[in-house]
1. Is the shape of segment 97-137 rounded, prolate or oblate, going by the alpha carbon gyration tensor and its root eigenvalues a ≥ b ≥ c, with a/c under 1.5 for rounded and a/b larger than b/c for prolate?
2. Which of the lysines could a cross-linker span from LYS71 if the Cα-Cα distance has to be under 19 Å and same-chain partners fewer than 8 positions apart are dropped?
3. Please list MET139, MET49 from largest to smallest accessible area, probe radius 1.4 Å, with all protein chains kept in place.
4. Non-local amide H neighbours of VAL155 (under 5 Å, H modeled in plane, Pro and chain starts lacking H): which ones?
5. Taking all protein chains as present, what is the carbon and sulfur share of the accessible area of segment 115-192, in % to the nearest whole number, probe 1.4 Å?
6. As a test of reading the structure, rank VAL173, VAL140 by solvent-accessible area (1.4 Å probe, protein chains only), most first.
7. Per residue, how large is the accessible surface of segment 43-186? Use a 1.4 angstrom probe and give square angstrom.
8. In whole Hz and in residue order, list the ³J(HN,Hα) couplings for segment 110-120 that follow from phi through the Karplus curve 6.51 cos²θ - 1.76 cosθ + 1.60, θ = phi - 60°; x for Gly and Pro.
Amino acid sequence: MQFSKLRALVAAGAVMAGVAMATPSFAQDKPTDNLKAPVIAVVDVQKIMQESNASKGVSKSFESLRETYQKEIATLEDKLRKSEEELRKQQTVLAPDALANKRRDFEKQVGEVQKTVQSRKRALENALNEAMAVVHKNMVEIVADVARERGANLVLARQQFVLVDTQLDVTDVVLERVNKKLPQVALTVPKQ
């Protein structure tokens, strides 16, 4: 029992020594008189990323393209089902070699459809991410502008807090400016 307490104290001392050594030396070089009191602003990033006109337009374009792709994929899957059905019908009529060739051709078609599905899905997700990154980048620039205007030296995300004084919340101002600066963003999916 005694030994484990001693080992715990030694470990705690080692951790404290590590923390003391890891503390930047500039903290001791500068007097604390030069530190400014924090001026805080709070922004609801999720609200802006969901409710800005550009984000809504991107989401609408995404859903429209997704539905188009789903229809195309459904058509391809329907063709595969018909090919499979035809292959089953020919199973009793064709010679084993011919049947094996047809089965390989069918499996190749299945593989191509799977590649197409994955390719379309990946392209659509990449396009969505790129478009939303444009919205996010512009939002961050506008948040920085609003913070400078209000003299804020610390901007926090609204999602981190349960209660926030409404005077600190700059979300509506930022949302309004994002809508003005960036009314829409194109969702560009490369041709396949």
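The values are calculated or read from the model by the stated rules, or taken from the named source; none is laboratory data. Note that the structure is a prediction, hence the values are computed from the model and not measured. Virtual Cβ from ideal backbone geometry, glycine too; neighbours counted across all protein chains shown. The area values use the complete protein model at the heavy-atom level, side chains included, leaving out ligands, DNA and RNA. Shrake-Rupley method; radii C 1.70, N 1.55, O 1.52, S 1.80 Å.
1. Numbers: a/c = 10.83, a/b = 10.34, b/c = 1.05.
Judged from the Cα gyration tensor, segment 97-137 comes out prolate (a/c at least 1.5, a/b above b/c).
2. LYS60, LYS79, LYS82, LYS115, LYS121, LYS191
3. On the way: MET139 5, MET49 35 Å².
The residues order as MET49, MET139, largest area first.
4. Hits under the 5 Å cutoff: ALA41.
5. Heavy-atom surface of segment 115-192 belonging to carbon and sulfur, 1.4 Å probe: 53 percent.
6. On the way: VAL173 45, VAL140 75 Å².
Descending accessible area places them as VAL140, VAL173.
7. Value for segment 43-186: 68 Å² per residue.
8. Whole-Hz 3J(HN,Hα) from phi for segment 110-120: 4, x, 5, 5, 4, 4, 4, 4, 5, 5, 5.
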